[in-house]
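Below is one structure; the comments refer to it alone.
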Amino acid sequence: MKLIEFTSHYPDEQSCRIAFKKFREKEGILCNKCGNITHYWKKKREQWECKSCGHRTTLKSGTVMQNSKLPFQYWFIAMHLLTSTKKTFSAKEVQRQLGHKRYEPIWAMLHKLRSVMGLRDDEYLLGEEVELDEGFFKTVSLDRDKSEPLKRGRGSQQQSKVLVSVESKDAKDDYNPKKHGKKKKVKFIKMKTIVSLKKDEIKSQVDQMLENNTKINSDKSNSYNDLEPDYNLNSQVIKKQDVNKMLPWVHTAISNAKRMLLDVHHRIDDDFLQNYLNEFCYKFNRRYFDNLFERLMIAAVSYRWNYLGEEYG
């Protein structure tokens, strides 16, 4: 949605409240007490009342906005900013654009939106043929023992491990490898932070990312040894100069994600890296979709998130 369209559709707080009510009713209102789906709308109180048990549901209840005191217009503007560009916005910049005095509520709002992006993508699994590899992102850990000397390489305390899978298959005849520089076409991607490269953790994450019997192209890492027989594993030793031939898209995805983070965020806490990756994958996977704002709005009314780090559908 273009900026001029957004301002014409949602010029004030009331227009955002009305639109949010329509989005909620389109997705359906579920009574938290009895599970009934038919309700009356109480206009004066701006609440739904269950026809079965009389329990009332507010506009924000059961959504990503639950327990938030920020205006609806703030949420709408934040969703527009996050979906209107391939890049992203820092919480400080959004705070400046909104003219809000406190930084913390704006920061929490953006992370809630990024969390529901991840929940939406978790509903889908990658299949057919994928590239699989790990990426290492520079982060800051507030729990790290400062007296412990910093390690280098993969074991560094300043590097967070991320498992990356990319749907990649041979392109059709009309695909131009000279234009894209690759002979394979990319579809969808997933990125998940992991604690270690142990085989059991890799297997557990892959099971949540891929369909069974998916063909996996990867390097000859021992971390992937447990993926067979559930998956068709094609692992081989890959020389550095052949990486772009064997795994053409997974490293491009990692590089683009790092570039997005470096451009906007000066320091990333390892506890919140997954949320930033959620945003990158969500927008990449919908790069050809129309009206990304409304798609995020549907996710916003379908999930709620709380400060304990628990997500609910």
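Being out of contact with any His (no Cβ under 9 Å at 6 or more places or on another chain) and assigned to a strand (DSSP E or B) narrows it down to one of SER235, SER223, so name that one.
The unique qualifying residue is SER235.
Would you pick out the residues in the range 1-29 that are surrounded by 15 or more Cβ atoms within 10 Å (Cβ to Cβ) and touching a strand residue (DSSP E or B) at 6+ places or on another chain (Cβ under 9 Å)?
LYS21, ARG24, ILE29
Just a yes or no: is a residue in the range 71-83 at pLDDT 95 or above, farther than 30 Å from VAL166 by Cα and part of a loop (DSSP other than H, G, I, E, B)?
Yes - at least one qualifying residue is present in the range 71-83.
For residues that are surrounded by fewer than 10 Cβ atoms within 10 Å (Cβ to Cβ) and either at pLDDT 80 or above or under 26 Å from the mean Cα position of the chain (by Cα) (or both), tally how many sit in the range 167-192.
So the count comes out to 0.
Residues ASP226, ASP269, ASP263: which one is more than 24 Å from ARG120 (Cα to Cα), out of contact with any helix residue (DSSP H, G or I) (no Cβ under 6 Å at 6 or more places or on another chain) and modelled with pLDDT under 95?
ASP263 is the lone residue from the list that is more than 24 Å from ARG120 (Cα to Cα), out of contact with any helix residue (DSSP H, G or I) (no Cβ under 6 Å at 6 or more places or on another chain) and modelled with pLDDT under 95.
Among the candidates ASN212, ASN244, ASN217, which residue alone is part of a strand (DSSP E or B) and among the polar types (S, T, N, Q)?
None of the others qualify; the one that does is ASN217.
Scanning the range 247-267 for residues that are outside any loop (DSSP other than H, G, I, E, B) and of a type in the set (A, V, I, L, M), which turns out farthest from VAL206 (Cα to Cα)?
Applying the filter and picking the extreme gives VAL264.
Hey, among LYS240, LYS258, LYS283, which residue is of a type in the set (Lys, Arg) and more than 30 Å from GLU104 (Cβ to Cβ)?
Matching residue, one of LYS240, LYS258, LYS283: LYS240.
The values are calculated or read from the model by the stated rules, or taken from the named source; none is laboratory data. None of the values given here were measured: they were computed from a predicted structure. Cβ: placed from backbone, ideal geometry, glycine included. Neighbour counts: every protein chain shown.
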